[in-house]
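The values are calculated or read from the model by the stated rules, or taken from the named source; none is laboratory data. Since the model is a prediction, treat every value here as computed from it, not as a measurement. Neighbour counts are summed over all protein chains in view; Cβ atoms, including those assigned to glycine, are modelled from backbone coordinates with ideal geometry. Surface accessibility is based on the protein's heavy atoms, side chains included, excluding ligands, DNA and RNA. Shrake-Rupley method; radii C 1.70, N 1.55, O 1.52, S 1.80 Å.
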Amino acid sequence: MTRKTSRGRPLTFADVREIALSMPEVEEATAYGMPAFKAGKTRFAGRPVERHDVEPNSLGVPMSFEERARRLAARPDVYYVTEHFQGYPAVLVRLSRIDRRELREILAAAWQYAMEQQVAAKTRARTTRRSKISSR
């Protein structure tokens, strides 16, 4: 079943772009040669590299393994993972199967996850610098 936007068409990467760029501290970038979006310095959404097992019109978003498991169980028609993505904290989204509200929600969750990862990385870097200085 294909879900339509309020404009009567399936969602596309153009819809992702519009929503992502409306969020704070977001810029468009590329990752692995594909369009992507960064929150601060951390990628939070992007078009996956075309592979035989990636469905056309998909979006890749990072999230915890726990959140991914919940989404896969609740909506396997929308969310999926290929063998390549199995080991990464991310999920693939079939854009043609969600509406704009759900896309906005998944992008907001991915943005939040990216920002949390960025803060955690900065904290780890500070801790590492401090321990190196104190061990001298």
Count - residues of segment 12-51 that are surrounded by fewer than 13 Cβ atoms within 10 Å (Cβ to Cβ), more than 23 Å from Ala121 (Cβ to Cβ) and not acidic (Asp, Glu): 6
Every pair of residues 6+ apart whose Cβ atoms lie under 6 Å, when the first sits in segment 31-45 and is in a strand (DSSP E or B) while the second is crowded, with 20+ Cβ neighbours inside 10 Å and modelled with pLDDT under 90: Ala39/Ala114; Thr42/Ala114; Phe44/Ala114
Boolean, Glu55 is open to solvent by 20 Å² or more (accessible area, probe 1.4 Å) and either within 20 Å of Gln112 (Cα to Cα) or among the polar types (S, T, N, Q) (or both): no
Filter pass, Asp77 being of a type outside the set (Val, Ile, Thr) and open to solvent by 60 Å² or more (accessible area, probe 1.4 Å): yes
Residues satisfying the stated conditions in segment 70-86, i.e. at pLDDT 95 or above, over 15 Å from Ala110 (Cα atoms) and of a type outside the set (Asp, Glu): Leu72, Ala73, Ala74, Arg75, Pro76, Val78, Tyr80, Val81, Thr82
Of the criteria (1) free of Cβ contacts under 8 Å to residues at least 12 places away in the same chain; (2) farther than 16 Å from Asp15 by Cβ; (3) over 14 Å from the mean Cα position of the chain (by Cα), which one Pro56 fails: (2)
Residue in segment 68-75 that is basic (Lys, Arg) and more than 28 Å from Lys122 (Cβ to Cβ) present: yes
So Arg9, is it out of contact with any helix residue (DSSP H, G or I) (no Cβ under 8 Å at 6 or more places or on another chain), surrounded by 16 or more Cβ atoms within 10 Å (Cβ to Cβ) and either of a type outside the set (Gly, Ala, Ser) or part of a loop (DSSP other than H, G, I, E, B) (or both): no
Subset of segment 80-124 [part of a helix (DSSP H, G or I) and open to solvent by less than 40 Å² (accessible area, probe 1.4 Å)]: Leu95, Ser96, Glu102, Leu103, Ile106, Leu107, Ala110, Ala114, Met115, Gln118, Ala120
